[in-house]
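Asker: Sharing a structure here in structure tokens format.
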Amino acid sequence: MQKNIQCILIKPEHTIRQAMEVIEKAPHNCGVSGLAVVVDENQQMIGVVTDGDIRSAILHHQSLDDQVSMIMTSDPIAVTNNANHMKMYEDVVTMLNGSTRMLDRAAGKIIVVDEEHKVVDVVSFLNLIQQADIKTKKIAVIGLGFVGLTLAVVLADVGFTVLGVELRDSVRKSLEDGKPHFYEAGLANQLRYHIGKRMQIAKDLAESDCDVYVISVGTPVDSSNQPILDDVRKAVKSIAHVLKPDNIVMLRSTVPVGTTRDYVIPILEEISGLRAGKDFSVVFAPERTVAGKAIKELRTLPQVIGATDSQGAEIAAAIFREMTTTIVRVDSLETAEMVKLINNSFRDLIFSFSNEIALLCEHWNLDAYHVIEAANEGYPRDPVPYPSPGVGGVCLKKDPHLLYASANAIGHQSNIFGISRRINEFMPTHVMRKFENFCRLTNQNPAELKVLVVGLAFKGWPETSDMRDSTGVDLVKNLQEIGVKVLGYDPVVSDDEMRAFIGIDPVTLEKGFISASAVFVMNNHPSYEDWNLYSLLRSMNTPGLFFDGWRMFHEEEILRIPGISYSTVSQNLGWPE
């Protein structure tokens, strides 16, 4: 509070023209823009005049020679300088509640006065929030899956008091013991450090006294690819029963556009009796981290924020600013909802292009990886991604359907998202057909063969143990349907997780290769590059098939082994004629 405030002080008898001159010079003289403070003979504040007030006066044909007292605001938002930043912030919020005064006047400027009501500083509401101790806010995270648990742990790590709410008894017990129920780089250590200290686990919100409620539950789609919002509804209802004035409800779950305003807010208002945007704030802050790097990306990715009101947006921004440096404010809840959907839908779309190229290349037995590599080499525009055995993971497989549902809800027929999904969902079937063709060419009965599927997590890098919507799991199910004995290996997924999730026998890599008639590499874990591939392939039955789903191996090395055929998503080498 060291500004030269004298340069923006004027007397009530000064003219509007003189006020204009003061406001014009103020940014250069004392770093304050957009307003002048009106004081009496004792230098005590009696009002404020802004450049907006002057514009309004001119529009109403008021003379610039009239006294500034005729257009000044006599009850500007002001706080005393004997309080800390958090107290100042709370005082401002209290003054705004139930008031007709608007914070966005003069760009959200707040006057700071001393005990004698003399002006000592002018601050912006944004800076006040940034300087306030936002960490006094207690935050509840509802839903401790991949999205919720990583966020809760990072919030605790930067200094917030966090209540994690989880309905599943087994998950809750594991977390209370400091053991996450899935693998995520860096998660286990941070959970063990904060559990029972800054982070507590609960079954519900019955005993909560939180300021911010974050919804991070799953939003799957049904068999018709329609969104299921049951868990969102349950979470919203539980919050509504404990919601208090000035609370913030933040939705982080991915939802169709319009869900927050048209579905979430009405439930909150009906049960709580409070009004969104007036009594409490609602924020949509999409999660955009990648599994395997979530802890890191929560601290580095820009955070998008859309809100019902500016105060809620500012507080949400202040919370996330403790984790990441870049906040992207958007103008509505719907914009923020759309951001998440287009990020993942675009990725799914470009991956489908590459996979369609791979299917096309197979007709000429071309290596799609080499084709794309040549197309990208030295070409500065729009690099084409490499193909894969399919696009896995909950988000990329689900979000295009949510975007399609959003379009369909307003009568907009959009085919592109459905087409991209069909291409990517076909890829595991494409891989399965390769196996069936190989069996036909080698006169083998698939039901009599042993097959090893490597890579059951939906991706190999960044590392994750998440098998939901995994293309490797899709292939296992296809193989099981025709009676194949399937074994599984994954360097990250635990044996118990593999048995429970898909019901196949986990094996070591060496045991899995022994006497296998086919081996399918379905994700891209970097440890595969350290295999003693020659020795492993020699232990397979012949004729045998080695499917390299991510083009991680050299075909020359594989084809040196007699009786072993090699295949990628687009090419078959060494196959029987």
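Asker: Return the lysines within reach of residue 485: Cα separation strictly under 19 angstrom, same-chain partners fewer than 8 residues apart disregarded; answer none if there are no such residues.
Answerer: Qualifying lysines at Cα under 19 Å: 434, 450, 477, 511.
Asker: Determine the percent antiparallel among the DSSP beta bridges restricted to the chain, to the nearest 5.
Answerer: For the chain, the DSSP antiparallel bridge percentage is about 25.
Asker: Residue-wise, which Karplus ³J(HN,Hα) couplings in Hz belong to segment 285-300, taking 6.51 cos²θ - 1.76 cosθ + 1.60, θ = phi - 60°, and x for glycine or proline?
Answerer: Result, ordered by residue: 10, x, 8, 10, 6, 9, 4, x, 10, 4, 4, 5, 6, 4, 9, 10 Hz.
Asker: For segment 315-408, report the translational diffusion coefficient in µm²/s to the nearest whole number, using Stokes-Einstein at 20 °C, 1.002 mPa s, and a Kirkwood Rh over Cα pairs.
Answerer: Calculated translational D: 133 µm²/s.
Asker: Could I ask something else about it? Counting only C-alpha contacts under 8 Å and six or more residues apart, can you give the relative contact order of the chain as a whole percent?
Answerer: In percent, rounded to a whole number, it is 8.
Asker: Next up: If I take all pairs of Cα atoms in the chain, what percentage of them are more than 43 Å from each other?
Answerer: Taking all Cα-Cα pairs of the chain, the fraction more than 43 Å apart is 37 percent.
Asker: Which of the listed residues, 254, 150, 239, is farthest toward the dipole's positive end in segment 134-331, when Lys, Arg count +1 and Asp, Glu count -1 at the beta-carbon?
Answerer: Going by the Cα projections, it comes out as 150.
Asker: About the Cα centre of the chain, what is the dipole size in debye to 20, counting +1 per Lys and Arg Cβ and -1 per Asp and Glu Cβ, all else neutral?
Answerer: Using only the charged Cβ atoms, the result is roughly 760 debye.
Asker: What shape does segment 425-573 take by its C-alpha gyration tensor, where a ≥ b ≥ c are the square roots of the eigenvalues and a/c under 1.5 counts as rounded, a/b above b/c as prolate, and the rest as oblate?
Answerer: rounded
Asker: Another question, if that's okay. Quick one: Karplus J couplings for segment 269-281, per residue in order, coefficients 6.51, -1.76, 1.60, θ = phi - 60°, nearest Hz, x for Gly and Pro?
Answerer: Karplus-based 3J(HN,Hα) across segment 269-281 equals 5, 5, 7, 7, x, 9, 10, 5, x, 10, 8, 8, 10 Hz.
Asker: Which one of 128, 94, 81 has its Cα pushed farthest toward the positive end of the charge dipole of segment 5-131, where Lys and Arg give +1 and Asp and Glu give -1 at the Cβ?
Answerer: 128
Asker: Compute the relative contact order of segment 252-343 as a whole-number percentage, counting only Cα pairs closer than 8 Å that sit 6 or more residues apart in sequence. Show your work: numbers first, answer last.
Answerer: Values: 132 pairs, mean separation 32.2, N = 92.
The value is 35 percent.
Asker: Let me ask something additional. Going highest first, how would you order 487-499, 538-550 by mean Cβ packing within 10 Å? Don't skip to the end; give the middle numbers.
Answerer: Values: 487-499: 18.9, 538-550: 20.6.
The most tightly packed comes first, giving 538-550, 487-499.
Asker: Moving to a separate point now. Where the only charges are on Cβ atoms (+1 Lys, Arg; -1 Asp, Glu), what is the dipole of segment 420-496 about its Cα centre, to the nearest 20 debye?
Answerer: Dipole of segment 420-496, to the nearest 20 debye: 420 debye.
Asker: Once you keep just the Cα pairs under 8 angstrom separated by 6 or more residues, what percentage relative contact order results for segment 125-240?
Answerer: Relative CO of segment 125-240 lands at 30 percent.
Asker: Once phi is turned into ³J(HN,Hα) by the Karplus curve 6.51 cos²θ - 1.76 cosθ + 1.60 with θ = phi - 60°, what whole-Hz value does each residue of segment 355-364 show in order, with x for glycine and proline?
Answerer: 5, 5, 4, 4, 5, 5, 4, 4, 5, 9
Asker: Put +1 on the Cβ of every Lys and Arg and -1 on every Asp and Glu Cβ in the chain; which of 320, 500, 471 then has its Cα farthest towards the positive end of the dipole?
Answerer: The residue sitting most towards the positive pole is 500.
Asker: Additional query: Starting from the Cα of residue 511, step 7 Å along the direction of its Cβ; do the same at residue 535; then give the gap between the two resulting points in nm.
Answerer: 1.7 nm
Asker: Return the lysines within reach of residue 340: Cα separation strictly under 25 angstrom, same-chain partners fewer than 8 residues apart disregarded; answer none if there are no such residues.
Answerer: The qualifying lysines are 234, 237, 293, 296, 397, 398, 459.
Asker: Still on this model: Based on the mean of other Cβ atoms within 10 Å per residue, sort peptides 370-377, 122-129, 265-272, 471-478 so the most packed one is first.
Answerer: Highest to lowest by the protection proxy: 471-478, 122-129, 265-272, 370-377.
Asker: What is the set of long-range amide H partners of residue 141 at a cut-off below 5 Å, with H atoms built 1.01 Å from backbone N?
Answerer: Hits under the 5 Å cutoff: 163, 164, 165, 214.
Values quoted throughout were computed directly from the atomic coordinates according to the rules given, and no laboratory measurement underlies them. Note that the coordinates shown come from a computational prediction; the quantities given were computed from them, not determined experimentally. Cβ atoms come from the backbone with ideal geometry, glycine included; neighbour counts cover every protein chain shown.
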